[in-house]
Every structure is written in C-alpha cells, then in structure tokens.
Amino acid sequence: MTIIISLTTTVDRGIGIFIFLMCLFGILLITTMAGILSYLVQTGFYPYKMDYDPNRYPMWQRSKPEEQNFSILVLSGVIMMGVFIIPIIMRPLDFLMNVRNYILGLFSYLFMMPTFINIMQIYAMCNLHDISWGNRPAT
C-alpha cells in the first residue's frame, strides 16, 4: 500500500493514508514488543521444550520441568529489550529526575520507528526521479 501511494501521489494528497499507516505500524510494533516482553517474563532464559502429541489438547504440551533448554530466540529478545534499558543504566540519576520524559520518549520512539523504517524509506525510493527540490535555478 505504501509503495502504490508513494508512486501515484504527492505527500500533500496522501498524508491521511500515511498517518493511518503510521498509526497501524506503531500499534503493531507496540503490541509485538509487549508480547515479547510477556513471553520473556513467563519463560525466562530456559523455556520448556514443547512436545507434539496429537491425542491431547492443546496439541503442544510442555515437557517435564527438568527438560529445559537454552533458547536463542529468548536470548535475542532479552538483547533487544536490553537495548532500551541501557540509557537508564548509564544515567540513573538523570532517569530518576526525568522519568516521565524518558518513558514518553521511549514510547514515541517505538511508535514512530516503523514509520522511519518503512514509510519514509519506501517514499524516498519511489520518488528518486523527483529533482524539484534542488537549490539551483533551472535553465
């Protein structure tokens, strides 16, 4: 949708669609991050192995607690969440004095990140042919 809109219209005419896509992508990212955080809280570093048993519901049953394994996906989720915690760890007094600003900044960063990654990149690539922004007079 972003590619089609970017190829066929200007920013002024497509701003409503771009705002809709920005909100959609932002909500998807925030819910994904909440899901990852919820999964990490529930499983920890060593989630249970899941065994397939077609005779039971749910079909994937947890194995015995002593059969835990180290999960690379859990490690990557912890690293991804840790990236957002590093500024708080490096400047704890600044964080304590500006908790509201840190949380608001983190939320707005996460909400707008898909827009910077998806919408603006696609729009820029679709409009490489537009050179009207130059600062030299046309001859």
Here the gain from full extension of Val83 to Leu37, 0.36 nm per residue of separation minus their alpha-carbon distance, amounts to 15.3 nm
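Work out, step by step, the length gained on full extension between Leu104 and Leu24: first 0.36 nm times the residue separation, then minus their alpha carbon distance; give nm to one decimal. Display every interim value, and only then the final one.
Details: separation 80, 0.36 × 80 = 28.80 nm, distance 1.88 nm.
Once the chain is fully extended between Leu104 and Leu24, it gains 26.9 nm.
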Within the range 7-22, the residues whose backbone N lies under 19 Å from a label point placed 7 Å from the Cα of Gln121 along the Cα-to-Cβ direction are 7, 18-19, 21-22
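Any read-out appearing in this document is the output of simple, stated calculations on the displayed coordinates, not a laboratory observation. Everything numeric in this text was worked out from a predicted model, so none of it was measured. Cβ atoms come from the backbone with ideal geometry, glycine included; neighbour counts cover every protein chain shown.
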